[in-house]
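Peer 1: Just passing along the structure, written as structure tokens.
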Amino acid sequence: MEWWESARDPNAILHNATTLSDLIEDIQENGNVICLLAGHRHVNTIKAFKAPPEAPPEYGFWQIETSSLHDFPQQFRTLQVYLNSDYTVSIVTVNVDPAVREGTPADSARRMAIAAQQIIQNDMRPNTPNLERAFGAIPVSSMDPTRPQNNSVDESIRYGEVAGIPYCASYNAELFKPLSPNMVQILKKRFA
């Protein structure tokens, strides 16, 4: 989600326990984090946070966001983590469209979610060129402090693409993550 911009709001009651930049730095310093799961923005995106310059690749991680069962497109994700034979990790994400039976509360919720999206036209692709959206009088910057905040497209975020459809809410992915040499040694001892 967009980080709470409490420093920009003189009337803010809520304050972050840390800055977004410090949080990303802490995660990247760990080297053993494979992914960060989020769902507050109600969008389906996958973003690569690369390792900092001069750091080994295992210090990068994936951010996997999933939509909501409340709002359009009413999907959820399953995740499976596999240890590959080369001692990398695969994270397999699959989007699921729940089936709803006609006449049920779930059917009514589906119709209302679609109608709400058609009326409100929520930005289903945040982090594309028009990043400076208004949050009251306070502009909201990108949620990724590791990239320039200049309204450019964040190339590390991938959306589903279907010709002729402006937004494809569903896509599956297999994400690869290298492990640290220490973690590889531990796993080799355990599974050899």
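Every number in this text was worked out from the coordinates using simple rules, so none of it is lab data. Everything numeric in this text was worked out from a predicted model, so none of it was measured. Here Cβ is always computed from backbone atoms with ideal geometry, including for glycine, and neighbour counts include all displayed protein chains.
Peer 1: Got a sec? Which residues in region 34-73 would a label at residue 102 touch, if it sits 7 Å along Cα→Cβ and we count backbone N under 12 Å?
Peer 2: none
Peer 1: Among the lysines, which fall within straight-line cross-link reach of residue 188, defined as a Cα-Cα distance under 27 Å, with same-chain neighbours fewer than 8 residues apart omitted?
Peer 2: 50, 177
Peer 1: Applying a 10 Å radius around every beta-carbon, put 85-91, 22-28 in order of their mean neighbour count, most first. Could the numbers behind the result be given before it?
Peer 2: On the way: 85-91: 13.6, 22-28: 15.6.
In descending order of packing, they fall as 22-28, 85-91.
Peer 1: What does the charge add up to near residue 44, with Lys and Arg as +1, Asp and Glu as -1, over the other residues with Cβ less than 9 Å from its Cβ?
Peer 2: Values: positive: 77; negative: 65.
Its environment carries a net charge of 0.
Peer 1: How much length is gained if the chain between residue 118 and residue 187 is pulled fully straight, taking 0.36 nm per residue apart and subtracting their Cα-Cα distance, in nm to one decimal?
Peer 2: Working: separation 69, 0.36 × 69 = 24.84 nm, distance 4.93 nm.
Answer, rounded to one decimal: 19.9 nm.
Peer 1: Among residues other than residue 75 whose Cβ falls under 12 Å from its Cβ, what is the net charge (Lys/Arg +1, Asp/Glu -1)?
Peer 2: Values: positive: 77, 110; negative: 65, 71, 97.
After counting each charged neighbour, the total is -1.
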